[in-house]
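Participant: Take a look at the following structure, please.
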4 protein chains.
Amino acid sequence: MTIATMQALRKPRPEPGAQIESVPVPAARPGEVVVRVRAASICGTDLHIYHWDAWSASRLRPPLTFGHEFCGVVESAGEGVTRFERGDRVTAEMHVACGHCRPCRAGQQHVCQNVRILGIDQDGCFAEFVSVPATNLWKLDATIPDRYAAIMDPLGNAVHSVLAGPIAGATVAVTGCGPIGLMSIAVAKACGCSTLYATEISPHRAKLAQEMGADLVLNPREGDAAARVVSETAGAGVDVLLEMSGNPAAIRQGFEMLRPGGRASLLGIPSEPVTLDLLRDVIFKGATVLGIYGRRMFETWLQMDALLRDGRLKLDPLFKERLRLCDYTRAFELLEQGAAGKVLLVPNGAE
Amino acid sequence: MTIATMQALRKPRPEPGAQIESVPVPAARPGEVVVRVRAASICGTDLHIYHWDAWSASRLRPPLTFGHEFCGVVESAGEGVTRFERGDRVTAEMHVACGHCRPCRAGQQHVCQNVRILGIDQDGCFAEFVSVPATNLWKLDATIPDRYAAIMDPLGNAVHSVLAGPIAGATVAVTGCGPIGLMSIAVAKACGCSTLYATEISPHRAKLAQEMGADLVLNPREGDAAARVVSETAGAGVDVLLEMSGNPAAIRQGFEMLRPGGRASLLGIPSEPVTLDLLRDVIFKGATVLGIYGRRMFETWLQMDALLRDGRLKLDPLFKERLRLCDYTRAFELLEQGAAGKVLLVPNGAE
Amino acid sequence: MTIATMQALRKPRPEPGAQIESVPVPAARPGEVVVRVRAASICGTDLHIYHWDAWSASRLRPPLTFGHEFCGVVESAGEGVTRFERGDRVTAEMHVACGHCRPCRAGQQHVCQNVRILGIDQDGCFAEFVSVPATNLWKLDATIPDRYAAIMDPLGNAVHSVLAGPIAGATVAVTGCGPIGLMSIAVAKACGCSTLYATEISPHRAKLAQEMGADLVLNPREGDAAARVVSETAGAGVDVLLEMSGNPAAIRQGFEMLRPGGRASLLGIPSEPVTLDLLRDVIFKGATVLGIYGRRMFETWLQMDALLRDGRLKLDPLFKERLRLCDYTRAFELLEQGAAGKVLLVPNGAE
Amino acid sequence: MTIATMQALRKPRPEPGAQIESVPVPAARPGEVVVRVRAASICGTDLHIYHWDAWSASRLRPPLTFGHEFCGVVESAGEGVTRFERGDRVTAEMHVACGHCRPCRAGQQHVCQNVRILGIDQDGCFAEFVSVPATNLWKLDATIPDRYAAIMDPLGNAVHSVLAGPIAGATVAVTGCGPIGLMSIAVAKACGCSTLYATEISPHRAKLAQEMGADLVLNPREGDAAARVVSETAGAGVDVLLEMSGNPAAIRQGFEMLRPGGRASLLGIPSEPVTLDLLRDVIFKGATVLGIYGRRMFETWLQMDALLRDGRLKLDPLFKERLRLCDYTRAFELLEQGAAGKVLLVPNGAE
């Protein structure tokens, strides 16, 4: 009997770099589904893995196929799987929650204390096939195009950030216009937010922010962005801050823009501890500050599905390039150049 | 015609200290009510005013009668006041909201952008009489004793902190057992919380914390309090953090104790910016962090009223001493010695 | 000294009908503002008052100027009013809350137990001038046209209904497409709802519902609308029901359409008790059923302001005709013919 | 090889009655755990099954072992079960959610559209052993006694009802003092509610209600209970209604007691459609009405665990009698006599 093999983008050893290898096609274990990947997308985390930063070194155990953003079609289903069949078009939540820890029991699987992430803790989607627990698979509506379906993981981060509190009729500031910041602009607008202010230092991203629907994009290097936003809101500050940069200065600026009684969703990942004027910016303001991680399972997916189905969300400015999986070197280069936008990787066999 | 005078504890000039002065009894302006003070209580803020710290110097405009915690009986009511009459026993919310700014319009008067605080921005309650807007007066149930009625302002801080999110069945950590920390222990217990852990370095306050209902009181100088709490909660961390110290190290420790998906109410007042591991302690945890300022107008007052009426709250360990208003020097000395607890001041004429 | 007079549409006696009378222009009492009316709009309640139904007879005390939907410009401000000045363009919340009852103290002024409604309990806006407490006045952004400003009272009902729970990404059913039902369709769509189903028996209103953004409008007389909606939602039912008809059969149908765990906002006014299958439709479904009355003070106004400012809401199909105040007979006739839509009345002196 | 057998209380045929039969001990299938039952408790639903009412006839497919309230110890665990081992003391949520329907995906597994209930849709716990999916098993703290552990299913109904909205500081009415009504009294009190009014026509149950902590118990046959409660609350009505009777007249009375802006949890099961004054009691009141079904998975379990662990809940007045499983006839008789309280059944082999 011949074991089928496939091409996969792998981190073979605990060191910088990656390479295409030929590995066995995964078999569908009980409760799992094997999906033929049509398009994968590269996350900032994948760049960290590629370059093997401190976090990667502490968490990953090569060899490993990485990648966790994708869409595809069901190839085969393991024992006990009843809701999916060959040919179903799907994407997946790649965080697999344990179901038993206190957060899971409290309905907060997105911060499961024993989470296992496909593409990080076990083989992911930068390959022709990927095996995923059926519980985590999401059947795609026919009206959602592949390129949108392939980025539902980061789009879910944006939707989670925006809808973690009231948004309709709220004034909003988005600090940082990387891919998730840009998506959050489109999502907030589609959900009825009022005036939306964005901050961004890259002129290219600033332009994208406007295309996504920002009413005013400010460059924090060219004047006091916080003072400007407070002034634009008649001295009140914004109702909602969506912090998407992880940059300590931008975080502080965002809090200055926030009105008393406002809500901040923090998603951007700071690379070091951050010094905050907690008294002025959080305590005396009576602010609500929400840490945002992952996507709610699966409230966020229901919301995304609805937003994508009816074509309300226009995400096309986000997409940069579509490359073959074997051209991964160029894909990572493109992203390193710092231009916001998503690069899609297409495995062999997918058109 | 003789103008009646009264004794008041005043800050006569912008400098340290205070003195008893004879001043005119306030007249009830339209919409206001003059209350004969039966007992006033001293807040930490009053100590700052007494010593004239930087904040006091920037905000207060002497001469001023300070003090904002009290109870008394209605002496006279101004034009247009229909709900209060001479003899009604009352206390008051001393933050007067403007009613028109965005937070006020959004139902968040406790963070009004134009708030006027009696005892800080205009004459307060360290006197025989105080004049208060009728909107801010709270009629007292006969079963609530004067000493409890006189501290409903700080008790409201505690109730606001505890009830800003779910508490029934939740495990809790209280960091810092000053008066409001101690009250929050009693409140959380009365509202059905699960195991409650407290941290405190003063042995005297630690003992009070146990009397108020804490299940375990830890001294953070005698071992890793955060590690201990995580271990006591089977590795999960607590559902709710009530940060009552304002101490940067305690704040960081509190966040370490918080479980993923947990809620932190921050009330303690840090005297400087605080450096936080935002990524680990807030973002990756998906935490909800709530700045707590003042009391919700007037949801918190309804809740306090209910908790005090039925005698569920046992706050007696809190009360230290009861002095005449003219003995204020000794009162401030007692508080400076750092023992938690409330000191009551009784004006002349009140028994 | 001459007392200025004005024309007003009055209910002179407790009986059907109304008439234009010449009455004194109101003087601005302390805390009140006199507004020169530019456009008033007719509510269903005004029709009831006009015809003097049982409810009107039990509540109103003629003589009275009725009407409670309008916009205008400030003419004069009474003592103590600091935030409005002659020439400001305004509309108003005409429910005046007492501020002291338990709902008011709990932040629910919209269900104040001692509410006083202008145009019902005291003189309203079907006149050249109306006097309104400054607390209840709402300054209008220059970009909001008069016709929209004049209907912010019923628009507020719609916004309150839609935003009383999550709406972004939710499937919605609107039962009954009168003016508020139609507005709620536009509001739900502007706030990011998913597929929206509406039911309506009048072909004219059904057409309007589509113009306002409904995805599918069903005539409940031409088939089982509930079964159809359940089938369209893959057997699930809708996430949100907005009940706008008050019709018992439509209410029951609406509940049949609601999915387990869904939310129903009930705003339509039934004229009789309603028999519900509480067990199947509410209890076993774990449904959340919200009674909707008035508008939240003033959260709903902030939301409306934001939705109207940016021109997102397209309400033009709603407007039928614009008549002089003295042509009120024709205005009431138009509305009695049952066509949905708002009729504006323009007093003398307003262009 | 001998197949082990056990005694089970079975519904052998679709008709009234039940009988003890000898059946094979269940084997632990993959993902399931076989539990040796120590004590089972009888639900009102079990009485319906015993008497074979219309609902039972439409849903159950005999032969079937019924019963769904119990506690026991793990006997064996099927393939893939890692968190439980022989000897663990456990109880279980007997509603098994599908995990894929819209309510499940929205975090509302308690109203799963494809729920499978053990003891109704497949074999339950009136037996020496019962097999339960590991996901639904709940490990018991050593401090929770068996009799309490055996009734966590109905206690969960009570906790879900009480904690479905704010309760601390709230005035409460409980209409109907059957077992779940009685438990909800103790739960509301333990969670810091204010004055609690109960209605009940049986003097025996009324006495139990007082023992559980009700402040005032009214017999609705001896005067206007709703008017009395409104009067006791100074004309306001209660903040929270817990409807536990299912009786249409009591439901209407409960709504009359509810204050404007209040919250009603409806858990009692009406046997017919209910006619409500929706306008007065729900819409004009701006009420929040919550259908309560089952227990939230597993937020409610975490809350129960916390309330039971610390011994705060005193439920002992509830327990009537403890009988051998084979004495089931007497057990059902006791319950039919209408006395509130829980009857425990103890299988052979359990002491």
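The values are calculated or read from the model by the stated rules, or taken from the named source; none is laboratory data. Predicted model only: the values in this text are computed from it and were never measured. Virtual Cβ from ideal backbone geometry, glycine too; neighbours counted across all protein chains shown.
Participant: Among the numbered conditions (1) assigned to a helix (DSSP H, G or I); (2) facing another protein chain (nearest Cβ under 10 Å); (3) in contact (Cβ under 8 Å) with a residue 40 or more places away in the chain; (4) within 28 Å of A:GLY169 (Cα to Cα), tell me where C:LYS189 comes up short.
Facilitator: Tallying (1) assigned to a helix (DSSP H, G or I); (2) facing another protein chain (nearest Cβ under 10 Å); (3) in contact (Cβ under 8 Å) with a residue 40 or more places away in the chain; (4) within 28 Å of A:GLY169 (Cα to Cα), C:LYS189 fails exactly one: (3).
Participant: Another question about this same structure. Out of the residues in the range B:215-247 that are part of a helix (DSSP H, G or I) and surrounded by 18 or more Cβ atoms within 10 Å (Cβ to Cβ), which is nearest to the other protein chains (Cβ to nearest Cβ)? Write out each step before concluding.
Facilitator: Residues of the range B:215-247 that are part of a helix (DSSP H, G or I), as a first pass: B:225-232.
Among the residues that remain, those that are also surrounded by 18 or more Cβ atoms within 10 Å (Cβ to Cβ) are: B:225-226, B:229-230, B:232.
Numbers: B:ALA225: 20, B:ALA226: 16, B:VAL229: 14, B:VAL230: 11, B:GLU232: 13 Å.
So, considering only residues that are part of a helix (DSSP H, G or I) and surrounded by 18 or more Cβ atoms within 10 Å (Cβ to Cβ), the one nearest to the other protein chains (Cβ to nearest Cβ) is B:VAL230.
Participant: Sort out which residues of the range A:256-279 are more than 15 Å from B:ILE251 (Cβ to Cβ) and either without any contact (Cβ under 8 Å) to a residue 12 or more places away in the chain or assigned to a strand (DSSP E or B) (or both), and write them in order of number. Step through it out loud before you land on a result.
Facilitator: In the first step, residues of the range A:256-279 are kept if they are more than 15 Å from B:ILE251 (Cβ to Cβ); the result is A:256-272.
Residues satisfying the conditions are A:LEU258, A:ARG259, A:PRO260, A:GLY261, A:GLY262, A:ARG263, A:ALA264, A:SER265, A:LEU266.
Participant: Please work out if B:VAL73 is assigned to a loop (DSSP other than H, G, I, E, B), farther than 17 Å from B:ARG116 by Cβ and touching a Gly at 6+ places or on another chain (Cβ under 7 Å).
Facilitator: Working: assigned to a loop (DSSP other than H, G, I, E, B): no; farther than 17 Å from B:ARG116 by Cβ: yes; touching a Gly at 6+ places or on another chain (Cβ under 7 Å): yes.
Taking the combined requirement at face value, the residue does not satisfy it.
Participant: Can you tell me which residues in the range B:340-351 are closer than 17 Å to B:ILE151 by Cα and surrounded by fewer than 17 Cβ atoms within 10 Å (Cβ to Cβ)?
Facilitator: Result: no residue meets the conditions.
Participant: Please work out which residue is nearest to C:ALA27 (Cα to Cα), limiting yourself to the range C:78-98 and to residues that are touching a helix residue (DSSP H, G or I) at 6+ places or on another chain (Cβ under 7 Å) and away from chain D (no Cβ under 14 Å).
Facilitator: Filtering the range C:78-98 for residues that are touching a helix residue (DSSP H, G or I) at 6+ places or on another chain (Cβ under 7 Å) and away from chain D (no Cβ under 14 Å), the one nearest to C:ALA27 (Cα to Cα) comes out as C:VAL81.
Participant: May I pose another question? Considering C:ARG205, C:ARG147, which residue is in contact with a strand residue (DSSP E or B) (Cβ under 8 Å, 6 or more places away or on another chain), surrounded by fewer than 24 Cβ atoms within 10 Å (Cβ to Cβ), basic (Lys, Arg) and part of a helix (DSSP H, G or I)? Before the answer, list the steps.
Facilitator: Details: C:ARG205 fails: in contact with a strand residue (DSSP E or B) (Cβ under 8 Å, 6 or more places away or on another chain).
One residue alone meets the criteria, C:ARG147.
Participant: Can you name every residue in the range C:287-310 that is assigned to a loop (DSSP other than H, G, I, E, B) and within 14 Å of chain A (Cβ to nearest Cβ)?
Facilitator: Just the residues of the range C:287-310 that are assigned to a loop (DSSP other than H, G, I, E, B), to begin with: C:287, C:292-298, C:310.
Listed by number, the residues that qualify are C:ARG295, C:ARG296, C:PHE298, C:ASP310.
Participant: Against the condition at pLDDT 95 or above, more than 27 Å from A:ALA158 (Cβ to Cβ), in contact with a Ser or Thr (Cβ under 6 Å, 6 or more places away or on another chain) and not assigned by TED's automatic domain parsing to the domain that holds C:ALA236, how does C:ALA134 come out, does it pass?
Facilitator: Numbers: at pLDDT 95 or above: yes; more than 27 Å from A:ALA158 (Cβ to Cβ): yes; in contact with a Ser or Thr (Cβ under 6 Å, 6 or more places away or on another chain): no; not assigned by TED's automatic domain parsing to the domain that holds C:ALA236: yes.
Considered against the rule, which asks whether it is at pLDDT 95 or above, more than 27 Å from A:ALA158 (Cβ to Cβ), in contact with a Ser or Thr (Cβ under 6 Å, 6 or more places away or on another chain) and not assigned by TED's automatic domain parsing to the domain that holds C:ALA236, C:ALA134 comes out as no.
Participant: Scan the range C:4-17 and give yes if some residue there is in a loop (DSSP other than H, G, I, E, B), under 22 Å from C:GLU85 (Cα atoms) and either out of contact with any Gly (no Cβ under 7 Å at 6 or more places or on another chain) or at pLDDT below 95 (or both), otherwise no.
Facilitator: Quick first cut of the range C:4-17, residues in a loop (DSSP other than H, G, I, E, B) only: C:4, C:12-17.
Then drop every residue that is not under 22 Å from C:GLU85 (Cα atoms), which leaves C:4.
From what is left, the residues that are either out of contact with any Gly (no Cβ under 7 Å at 6 or more places or on another chain) or at pLDDT below 95 (or both) are C:4.
Looking for residues that are in a loop (DSSP other than H, G, I, E, B), under 22 Å from C:GLU85 (Cα atoms) and either out of contact with any Gly (no Cβ under 7 Å at 6 or more places or on another chain) or at pLDDT below 95 (or both), one finds at least one in the range C:4-17, hence yes.
Participant: If A:GLU32 meets every condition in (1) farther than 16 Å from A:GLY119 by Cβ; (2) within 14 Å of chain D (Cβ to nearest Cβ); (3) of a type in the set (D, E, K, R) apart from one, which number is that one?
Facilitator: (1)
Participant: Something else about it: Return the residue satisfying two criteria in turn: it lies in the range B:311-324 and is surrounded by fewer than 19 Cβ atoms within 10 Å (Cβ to Cβ) and assigned to a loop (DSSP other than H, G, I, E, B), and of such residues it is farthest from the other protein chains (Cβ to nearest Cβ).
Facilitator: Within the range B:311-324, the first condition is being surrounded by fewer than 19 Cβ atoms within 10 Å (Cβ to Cβ), and the residues that meet it are B:311-312, B:314, B:316-317, B:319-324.
Cutting the leftovers down to assigned to a loop (DSSP other than H, G, I, E, B) gives us B:311-312, B:314.
Details: B:GLY311: 12, B:ARG312: 7, B:LYS314: 14 Å.
Residue satisfying both the conditions and the ranking: B:LYS314.
Participant: Can you list residue pairs whose Cβ atoms sit under 8 Å apart, with the first residue in the range A:161-181 being farther than 11 Å from A:ARG263 by Cβ and the second being at pLDDT below 95 and in a strand (DSSP E or B)? Count only pairs 6 or more apart in sequence or on different chains.
Facilitator: If the second residue must be at pLDDT below 95 and in a strand (DSSP E or B), the pairs left are A:PRO179/A:LYS342.
Participant: Additional query: Kindly check whether there is at least one residue in the range B:101-114 that is free of Cβ contacts under 8 Å to residues at least 60 places away in the same chain, in contact with a Phe, Trp or Tyr (Cβ under 6 Å, 6 or more places away or on another chain), surrounded by fewer than 23 Cβ atoms within 10 Å (Cβ to Cβ) and in a strand (DSSP E or B).
Facilitator: Among the residues of the range B:101-114, not one is free of Cβ contacts under 8 Å to residues at least 60 places away in the same chain, in contact with a Phe, Trp or Tyr (Cβ under 6 Å, 6 or more places away or on another chain), surrounded by fewer than 23 Cβ atoms within 10 Å (Cβ to Cβ) and in a strand (DSSP E or B), which makes the answer no.
Participant: I've got another one for you. Considering every residue within the range A:57-71, establish whether at least one is within 14 Å of chain B (Cβ to nearest Cβ), surrounded by fewer than 24 Cβ atoms within 10 Å (Cβ to Cβ) and over 21 Å from the mean Cα position of the chain (by Cα). Full working, then the answer.
Facilitator: Taking the range A:57-71 first, the residues within 14 Å of chain B (Cβ to nearest Cβ) are A:58-59.
Filter once more, so that each one left must be surrounded by fewer than 24 Cβ atoms within 10 Å (Cβ to Cβ): A:58-59.
Applying the additional criterion that residues be over 21 Å from the mean Cα position of the chain (by Cα) yields A:58.
Looking through the range A:57-71, at least one residue is within 14 Å of chain B (Cβ to nearest Cβ), surrounded by fewer than 24 Cβ atoms within 10 Å (Cβ to Cβ) and over 21 Å from the mean Cα position of the chain (by Cα).
Okay, residues lined up against (1) within 13 Å of D:ILE283 (Cβ to Cβ); (2) more than 26 Å from the chain's Cα centre (by Cα):
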position	(1), (2)
C:SER245	yes, no
C:GLY262	no, no
C:LEU267	yes, no
C:PHE284	no, yes
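Participant: Continuing with this model, one more query. Let me confirm something: among D:PRO133, D:PRO166, which residue is within 13 Å of another protein chain (Cβ to nearest Cβ), closer than 30 Å to C:THR233 by Cβ and of a type outside the set (Val, Ile, Thr)?
Facilitator: Numbers: D:PRO166 fails: closer than 30 Å to C:THR233 by Cβ.
Being within 13 Å of another protein chain (Cβ to nearest Cβ), closer than 30 Å to C:THR233 by Cβ and of a type outside the set (Val, Ile, Thr) holds for just one of D:PRO133, D:PRO166, which is D:PRO133.
Participant: Where residues in the range C:112-123 are more than 15 Å from the chain's Cα centre (by Cα) and not basic (Lys, Arg), which of them is farthest from the other protein chains (Cβ to nearest Cβ)?
Facilitator: Step one: filter the range C:112-123 for residues more than 15 Å from the chain's Cα centre (by Cα), giving C:112-116, C:121-123.
From the residues that got through so far, the ones that are not basic (Lys, Arg) too are C:112-115, C:121-123.
Values: C:CYS112: 8, C:GLN113: 6, C:ASN114: 10, C:VAL115: 10, C:ASP121: 15, C:GLN122: 17, C:ASP123: 20 Å.
The extreme case among them is C:ASP123.
Residues checked against (1) closer than 27 Å to B:LEU242 by Cα; (2) in the same structural domain as B:ALA127 (by TED's automatic domain parsing); (3) without any contact (Cβ under 8 Å) to a residue 12 or more places away in the chain:
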{"position": "B:PHE298", "(1), (2), (3)": "yes, no, no"}
{"position": "B:LEU302", "(1), (2), (3)": "yes, no, yes"}
{"position": "B:ASP305", "(1), (2), (3)": "yes, no, no"}
{"position": "B:LYS320", "(1), (2), (3)": "yes, yes, no"}
{"position": "B:CYS326", "(1), (2), (3)": "no, yes, no"}
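Participant: Just one of (1) buried (at least 24 other Cβ atoms within 10 Å of the Cβ); (2) within 20 Å of the chain's Cα centre (by Cα); (3) assigned by TED's automatic domain parsing to the domain that holds C:LEU182; (4) not hydroxyl-bearing (Ser, Thr, Tyr) trips up C:GLY165, so point out which.
Facilitator: Every listed condition holds for C:GLY165 apart from (1).
Participant: Additional query: Among the residues of the range C:140-194, which ones are within 22 Å of D:THR288 (Cα to Cα) and hydroxyl-bearing (Ser, Thr, Tyr)?
Facilitator: Correct list: C:SER161, C:THR171, C:THR175, C:SER184.
Participant: Could I ask something else about it? Please specify each residue of the range C:335-351 satisfying the condition of being within 18 Å of the chain's Cα centre (by Cα) and at negative phi.
Facilitator: Let us first name the residues in the range C:335-351 that are within 18 Å of the chain's Cα centre (by Cα), namely C:335-336, C:338-345.
Answer for the range C:335-351, where residues must be within 18 Å of the chain's Cα centre (by Cα) and at negative phi: C:LEU335, C:GLU336, C:ALA339, C:ALA340, C:LYS342, C:VAL343, C:LEU344, C:LEU345.
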